[in-house]
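I'd like to ask some things about the structure below.
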RNA sequence: GGCCCGUUCGUCUAUCGGUUAGGACACCAGAUUUUCAUUCUGGUAAGAGGGGUUCGACUCCCCUACGGGCUACCA
């Protein structure tokens, strides 16, 4: 069997979209599952859309997510000569030609004819080396693929969708090399996948319509017998309504669209990432893995190793999946509880030595890491609230204070004893004193277990807060 | 407009011709909890529509509807 080699091939035009991360994940899972190789290829052939920092961002995002790269990054912009060599081969064999039409001319064609396509029917009436064989070849020009036959079926064998058939007359004479000498996606992609011996092309469904073009390119390069297998992934859809998930939708619904916070160098906009919003990478990976793929069992929680073990292309669904952030949040809750050590590590910054007990007190109450601070900051910051007290409450707190002063309780059960003793002394029910006690200590009427709270605060601080 | 892909609870999905159509999230109710949350138990909720094929269709085929993608010297 052929060795598995897959690639994740993003374009460095900005931050990595969450859907792109899922594509990377599926590639990675297949690579690891089959003992293959995961390659990162940067498709930076469009110099106008290049965004500085994007490549670093992509690498950092994959690293955060736990997706390891075995080879690369390979940058297409550094391989211009290679593509030139291959497009020359096509030219020589009559499968490509020079075209001189200007953008304006082509726009005019499209405007006057809504079904205009640069193809076998129209190419002879356009401005190119086929219609004007004697014309001098001089810049600027583009090189177009000469789709060889009309009206033959081109079948794309897709691992997810089965056989998808197109008619070759629907495939147009795509530009392979742009006037700046850079290849287009189609050329660079096919040449690189061949040269890098890619076994499986796993990419988004938006590429399905150009797959027949790619199949034809393999054929006319003479590489049909080593052509990679294709798997076109269903798209991630917006949570309400329809359409593919965009940054706008995410902003509107109030959740991140990027793995990491992204500072856009052009717009100066800052988009908060999943990491900074308090999501754990394990949760995001687990959530993403199950958006479009399922293990066929009822298991929901997967470590990366378990995903690798369970993964198969055959179990990827065909339909687009709506992005439900609530489910991601549920996964995050699960992983906060699961990854105790790691999370406690984050909490040390806020709670110091109390990080561990604070974690225990709040772990069932939080969704995000930042919730530990929001719900637990009273552990380190004294509440600034005023509590109106009646006579019996004043007596109770006086008694409680002296009890604590005398005994200096250390653990929750001891505090509980104090609380009840003071109630008996004051002739009140301890249950009725809990709310004012909580407010005094935490500044809030709800929160984690009161006795545990007192244990974390310590008897000195409890006294302090009652006295104030 | 043209081409291609898709369609099971609100959402993610299981089912690969015969099931009371299962699970998870969300939601609702009850129980536990000296608060709130957690936890536990239970519940509401689905095969787009129409034709076939078949003893039998969510499952196979066709049509329709709806949704999506592509249609650049962007990827």
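Taking interchain pairs and intrachain pairs at least six residues apart, which have beta carbon atoms under 6 angstrom, with the first residue in region A:413-432 and farther than 14 Å from residue A:402 by Cβ and the second more than 12 Å from RNA strand B (Cβ to nearest atom)?
A:415/A:409; A:428/A:392; A:428/A:396
Could you grab me the full set of residues in region A:1-17 that are surrounded by 23 or more Cβ atoms within 10 Å (Cβ to Cβ) and either more than 14 Å from RNA strand B (Cβ to nearest atom) or without any contact (Cβ under 8 Å) to a residue 40 or more places away in the chain (or both)? Spell out how you get there, then give the answer.
Step one: list which residues in region A:1-17 are surrounded by 23 or more Cβ atoms within 10 Å (Cβ to Cβ), which gives A:6-10, A:12, A:15-16.
Selection gives A:6 alone.
I've got another one for you. What single numbered condition from (1) assigned to a helix (DSSP H, G or I); (2) away from RNA strand B (no atom under 14 Å from the Cβ); (3) under 23 Å from residue A:313 (Cα atoms) fails to hold for residue A:250?
(3) is the only condition that residue A:250 fails.
Continuing with this model, one more query. Could you pull out the residue among A:87, A:74 that is part of a helix (DSSP H, G or I) and either at pLDDT 95 or above or surrounded by fewer than 18 Cβ atoms within 10 Å (Cβ to Cβ) (or both)?
Values: A:74 fails: part of a helix (DSSP H, G or I).
Criteria check complete, one pass: A:87.
Taking only region A:311-342 into account, find how many residues are in contact (Cβ under 8 Å) with a residue 40 or more places away in the chain and away from RNA strand B (no atom under 15 Å from the Cβ).
Result for region A:311-342: 2.
What are the residues in region A:27-39 that are surrounded by fewer than 24 Cβ atoms within 10 Å (Cβ to Cβ) and either in contact with a strand residue (DSSP E or B) (Cβ under 8 Å, 6 or more places away or on another chain) or closer than 20 Å to residue A:74 by Cβ (or both), if any?
Narrowing region A:27-39 to residues surrounded by fewer than 24 Cβ atoms within 10 Å (Cβ to Cβ): A:30, A:32-39.
Selection gives A:30, A:32, A:36, A:37, A:38, A:39.
Another question, if that's okay. When residues of region A:394-419 are filtered for being surrounded by 15 or more Cβ atoms within 10 Å (Cβ to Cβ) and within 16 Å of RNA strand B (Cβ to nearest atom), how many remain? It would help to see each step written out before you state the result.
At the first step, the residues of region A:394-419 found to be surrounded by 15 or more Cβ atoms within 10 Å (Cβ to Cβ) are A:395-401, A:403-404, A:409, A:412, A:414-416, A:418-419.
Still in the running and within 16 Å of RNA strand B (Cβ to nearest atom): A:396-397, A:399-400, A:403-404, A:409, A:412, A:414-416, A:418-419.
Of the residues in that region, 13 qualify.
Just to be sure before I move on: is residue A:63 free of Cβ contacts under 8 Å to residues at least 60 places away in the same chain and either loosely packed, with under 15 Cβ neighbours inside 10 Å or not in a strand (DSSP E or B) (or both) in the structure I sent? If you could, list the steps in order and put the result at the bottom.
On the way: free of Cβ contacts under 8 Å to residues at least 60 places away in the same chain: yes; either loosely packed, with under 15 Cβ neighbours inside 10 Å or not in a strand (DSSP E or B) (or both): yes.
Here the answer is yes, as residue A:63 does meet what is asked.
Taking region A:162-176, which residues are within 7 Å of RNA strand B (Cβ to nearest atom) and surrounded by fewer than 16 Cβ atoms within 10 Å (Cβ to Cβ)?
Result: A:162, A:165, A:167, A:170.
Right, here's the next one. Residue A:291: within 11 Å of RNA strand B (Cβ to nearest atom) and either at pLDDT below 95 or surrounded by fewer than 18 Cβ atoms within 10 Å (Cβ to Cβ) (or both), yes or no? Let's see the steps before the verdict.
Working: within 11 Å of RNA strand B (Cβ to nearest atom): yes; either at pLDDT below 95 or surrounded by fewer than 18 Cβ atoms within 10 Å (Cβ to Cβ) (or both): no.
Criteria not met by residue A:291.
Now, a different point. Quick test of your reading of the structure: residue A:380 fulfils all but one of (1) surrounded by 16 or more Cβ atoms within 10 Å (Cβ to Cβ); (2) within 39 Å of the chain's Cα centre (by Cα). Name the failing condition by number.
Unmet for residue A:380, out of (1) surrounded by 16 or more Cβ atoms within 10 Å (Cβ to Cβ); (2) within 39 Å of the chain's Cα centre (by Cα): (1).
Which residues, counting only those in region A:90-111, are surrounded by fewer than 15 Cβ atoms within 10 Å (Cβ to Cβ), within 13 Å of RNA strand B (Cβ to nearest atom) and not in a helix (DSSP H, G or I)? It would help to see each step written out before you state the result.
Taking region A:90-111 as the starting set, the residues that turn out to be surrounded by fewer than 15 Cβ atoms within 10 Å (Cβ to Cβ) are A:92-94, A:102-105, A:107-108, A:110-111.
From what is left, the residues that are within 13 Å of RNA strand B (Cβ to nearest atom) are A:102-105, A:107-108, A:110-111.
A:102, the sole residue that qualifies.
Right, another one. Tally up the residues in region A:356-368 that are in contact with a helix residue (DSSP H, G or I) (Cβ under 7 Å, 6 or more places away or on another chain) and either at pLDDT below 95 or closer than 16 Å to residue A:449 by Cβ (or both), please.
Applying the first criterion (in contact with a helix residue (DSSP H, G or I) (Cβ under 7 Å, 6 or more places away or on another chain)) to region A:356-368 yields A:356-359, A:361-363, A:365-368.
From the residues that got through so far, the ones that are either at pLDDT below 95 or closer than 16 Å to residue A:449 by Cβ (or both) too are A:356-359, A:361-363, A:365-366.
So the count comes out to 9.
Can you tell me which residues in region A:197-234 are crowded, with 17+ Cβ neighbours inside 10 Å and in a loop (DSSP other than H, G, I, E, B)?
Within region A:197-234, A:198, A:199, A:227, A:228, A:234 meet the criteria.
Would you say residue A:391 is surrounded by 13 or more Cβ atoms within 10 Å (Cβ to Cβ) and more than 15 Å from RNA strand B (Cβ to nearest atom)? Spell out the reasoning first.
Details: surrounded by 13 or more Cβ atoms within 10 Å (Cβ to Cβ): no; more than 15 Å from RNA strand B (Cβ to nearest atom): yes.
For residue A:391, the condition - surrounded by 13 or more Cβ atoms within 10 Å (Cβ to Cβ) and more than 15 Å from RNA strand B (Cβ to nearest atom) - is not met.
Got at least one residue in region A:269-276 being on the phi > 0 side of the Ramachandran plot and out of contact with any helix residue (DSSP H, G or I) (no Cβ under 6 Å at 6 or more places or on another chain)?
Taking every residue of region A:269-276 in turn, none turns out to be on the phi > 0 side of the Ramachandran plot and out of contact with any helix residue (DSSP H, G or I) (no Cβ under 6 Å at 6 or more places or on another chain).
For region A:177-196, how many residues are part of a helix (DSSP H, G or I), more than 7 Å from RNA strand B (Cβ to nearest atom) and in contact (Cβ under 8 Å) with a residue 60 or more places away in the chain?
Filtering region A:177-196 for residues part of a helix (DSSP H, G or I) gives A:185-195.
With more than 7 Å from RNA strand B (Cβ to nearest atom) added as a condition, the list becomes A:186-195.
Still in the running and in contact (Cβ under 8 Å) with a residue 60 or more places away in the chain: A:187-189, A:191-193, A:195.
Qualifying residue count for the region: 7.
A follow-up question, please. State which residue pairs qualify: first residue in contact (Cβ under 8 Å) with a residue 40 or more places away in the chain and inside region A:293-310, second residue assigned to a loop (DSSP other than H, G, I, E, B) and within 9 Å of RNA strand B (Cβ to nearest atom) in any location, beta carbons under 9 Å apart, and separation of 6 or more residues or different chains.
Hits for this filter: A:293/A:317; A:307/A:295.
Another question, if that's okay. Of the residues A:163, A:150, A:136, which single one is at pLDDT below 95 and part of a strand (DSSP E or B)?
Numbers: A:150 fails: part of a strand (DSSP E or B); A:136 fails: part of a strand (DSSP E or B).
A:163 is the lone residue from the list that is at pLDDT below 95 and part of a strand (DSSP E or B).
Given the conditions (1) closer than 25 Å to residue A:348 by Cα; (2) in a helix (DSSP H, G or I), which single one is not true for residue A:431?
Single failed check for residue A:431: (1).
The values are calculated or read from the model by the stated rules, or taken from the named source; none is laboratory data. Computed from a predicted structure; not experimentally measured. All Cβ positions, glycine included, derive from the backbone under ideal geometry; neighbour counts span all protein chains shown.
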